[in-house]
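Written below as structure tokens is the structure these notes are about.
The values are calculated or read from the model by the stated rules, or taken from the named source; none is laboratory data. Everything numeric here is computed off the predicted structure, so don't read it as measured data. All Cβ positions, glycine included, derive from the backbone under ideal geometry; neighbour counts span all protein chains shown.
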Amino acid sequence: MKKNFTFIYNKIINVNKLKYLPNWVVLLLDIIIILFSGCLTFYIFKELDLNYILQSHFYTIIFFYIIVNIFFFIVLKTYSGIIRHTSQIDALKLFLSQFLTFGVIASIDYFLLYIGRPKIAILTASLLNAFLSLGLLLLFRIFVKHIFEYYINKNHVNDKTNIIVYGLDANAISVARALESENPKRYNVIGFLDKTKENIDKRILNLPIFEIKKSIPLTMRITGAEAIILADSSLSTEDRNTIIESCIEYNYKVFMAPIISNFENPNNIVKEIKNFEITDLLERNPIILDTDLIESKLNKKTILITGAAGSIGSEIVRQILNYDAEKIVLIDQAETPLHHLVLELKSHNNNLKIDTIIADIRNFEISEQIFKKTRPNIVFHAAAYKHVPLMEENPNQAILTNVLGTKNIADLSLKYNVADFVMISTDKAVNPSSIMGASKRIAEMYVQSKHFNILSSKIENSTKFITTRFGNVLGSNGSVVPLFTKQIKKGGPITLTHPEVIRYFMTIPEACQLVLEACAMGKGGEIFIFDMGKPVKIIDLAKKMIRLAGFKPDIDIKIEIIGLRPGEKLYEELLNETAKNLITHHEKILIAIEVCDDYNRINQQISTLIEQAYLNNYNEIIDSIKQLVPEYKQMN
């Protein structure tokens with residue numbers, strides 16, 4: 001007996017295993033419903049001493065009534081929709097089927113009257129029958145839909161997160177509807193949050209609209225919400241970040257909803273809902289680029305990128321894909337990352353001409369072969385060693401890559417008539433305290449002095465040498481963000497060098513967009529510095545990342561202070577004390593006015609420095625650096 005019950009449950013009752021009712025079952029149930037509706041109508045009118053159907057042809061008329069209904073069910077395919085996903089279209093099909101059936105019966109009645117024969121049915125009764133049939137057909141579908149939802153979600157009751165939707169516009173309503181229709185449900189939508197007080201007595205989707213009580217976290221606590229989803233399409237970046245920071249401070253989850261363009265596909269909407277990440281918090285208002293100017297610069301050009309497999313180099317490549325370049329030449333020493341980048345590029349554009357070259361830019365002869373073969377029009381020089389502590393331990397490698405490598409690429413750019421050379425520098429080059437920062441400052445000095453030396457020599461149509469300088473980029477190799485993410489996944493602790501460390505941050509795409517803009521606007525000899533926004537205290541960044549991951553700082557995840565590493569300082573600068581800056585037509589790009597020394601002297605001192613790097617003589621390397629960069633203050 002028990003086995004039989006289990007069998008019946010698994011085969012019939014257990015809707016978790018039943019994907020959908022077969023079409024023939026739905027059609028059969030619909031026929032049973034219209035028969036029941038017809039019988040109900042018949043008995044209602046019988047109680048009124050009225051014959052709904054002509055008694056002499058009772059069974060013929062019933063048979064005809066069923067056939068007409070089946071005909072319209074098949075024509076309109078009312079049985080083909082999955083019942084638990086019944087929509088307004090399905091309801092419209094049922095409406096048409098019943099009133100077309102009524103129309104057929106009414107037409108026959110009028111025809112019979114016209115030829116002097118008795119009617120087959122009372123039209124009032126037929127109309128009532130149509131309404132009854134429609135109501136019962138819809139009720140059946142609603143019942144089945146709720147049964148499915150109940151059983152599918154029954155096992156997930158404890159897994160659902162009480163969530164409140166911020167916003168009342170069409171986007172917010174569509175997101176709420178998508179969350180409600182998800183099966184199995186992950187979120188229980190308890191209502192909407194309105195930034196005004198105008199709608200607090202109203203309901204949307206039968207859900208209440210809550211007024212914000214003093215603060216959003218307080219309102220969430222009062223309403224029992226565990227998470228909030230920001231779905232208001234008009235929400236500004238500043239307001240969004242304020243809400244996120246206030247919520248994560250009290251350990252409430254925050255989700256970001258997409259801007260909905262297709263309201264008819266709720267499954268895609270739910271998939272696009274994501275947790276906020278630290279990059280979302282630090283993103284600023286979208287950068288407005290002069291795309292026409294950049295297009296005219298890159299159009300039909302051969303573009304060479306050094307360090308192409310790195311975080312900055314690879315993003316520059318991705319940005320260039322938005323423009324109609326002739327060919328891209330990718331240079332890097334890292335074989336596997338370069339291979340992965342090429343596969344990614346080919347998946348986007350199979351027609352793009354790509355030269356993939358494994359090479360060391362410190363080797364002048366090999367680099368010259370590349371320039372001779374590819375003849376680039378524009379060079380983006382992103383190759384560099386940038387890990388501060390590692391370069392303190394290997395100063396000769398910092399010099400050979402960051403200084404000699406830059407010198408080689410710059411010299412070859414001039415020799416092979418490259419139109420624009422753009423060097424990617426760092427804020428660590430300003431008043432450097434590390435060998436890495438000093439090596440990048442020396443590279444800046446060489447590139448800038450070379451440009452002004454060319455101008456003084458009055459060489460026409462020569463290479464324009466441009467430098468771009470910005471701070472830390474989120475997610476780049478060596479950034480604290482990937483490090484903190486790994487440490488949080490392991491359960492901590494997060495290791496922090498000093499509680500007062502401050503850094504500037506921008507996202508990788510943001511930085512690379514500005515690099516392209518600087519390339520397009522550059523006249524040569526400039527050091528462009530980017531608006532990095534407000535500096536960020538690293539300990540605050542760590543705490544936000546811990547909260548965004550759903551943990552409590554110093555309780556679930558410890559923060560451990562390990563002390564400043566060799567070469568590090570508490571804060572970075574974008575300008576040194578003697579430099580000034582000029583504005584440009586782009587609000588996020590300034591030009592640093594640095595004192596530019598004589599090219600011949602710099603070139604000679606760099607040659608000496610490179611010789612010392614080959615000999616790997618630490619003291620001589622440091623002395624040579626200090627001669628070139630007097631503001632360098634060794635912190636090792």
Applying the selection to the stretch 178-206, what residues are closer than 15 Å to THR223 by Cβ and of a type in the set (Ser, Thr, Tyr)? TYR187
Restrict the check to the stretch 439-451 and report whether at least one residue is touching a residue at least 24 places away in the same chain (Cβ under 8 Å) and within 27 Å of the chain's Cα centre (by Cα). no
For GLY310, which of the numbered conditions (1) surrounded by 16 or more Cβ atoms within 10 Å (Cβ to Cβ); (2) more than 27 Å from the chain's Cα centre (by Cα) fails to hold? (2)
Among the listed residues SER215, SER233, which satisfies the condition of being assigned by TED's automatic domain parsing to the domain that holds LEU168, on the phi < 0 side of the Ramachandran plot and modelled with pLDDT under 80? SER233
Top-ranked residue in the stretch 541-582 [being surrounded by fewer than 15 Cβ atoms within 10 Å (Cβ to Cβ) and at pLDDT below 65; ranked as farthest from LYS428 (Cα to Cα)]: LEU582
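Residues checked against (1) basic (Lys, Arg); (2) over 29 Å from the mean Cα position of the chain (by Cα):
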position: GLU180; (1), (2): no, no
position: ARG186; (1), (2): yes, no
position: LYS214; (1), (2): yes, yes
position: ALA227; (1), (2): no, no
For the stretch 286-317, what are the residues that are closer than 30 Å to SER236 by Cα and out of contact with any helix residue (DSSP H, G or I) (no Cβ under 8 Å at 6 or more places or on another chain)? PRO286, ILE288, THR291, ASP292, GLU295
State which residue is nearest to ASP411 (Cα to Cα) when the search covers only the stretch 344-390 and only residues that are among the acidic types (Asp, Glu) and exposed (fewer than 15 other Cβ atoms within 10 Å of the Cβ). GLU365
Any chance VAL329 is aliphatic (A, V, I, L, M), within 23 Å of THR468 (Cα to Cα), at pLDDT 85 or above and in contact with a Pro (Cβ under 7 Å, 6 or more places away or on another chain): yes
Please go through the stretch 385-397 and pick out each residue that is in contact (Cβ under 8 Å) with a residue 12 or more places away in the chain and more than 35 Å from the chain's Cα centre (by Cα). GLU392, GLU393, PRO395, ASN396, GLN397
Can ALA429 be described as within 19 Å of TYR599 (Cβ to Cβ) and assigned by TED's automatic domain parsing to the domain that holds ALA511? yes
Go through the residues of the stretch 16-39 one by one and say whether even a single one is modelled with pLDDT of 70 or more and among the hydroxyl-bearing types (Ser, Thr, Tyr). yes
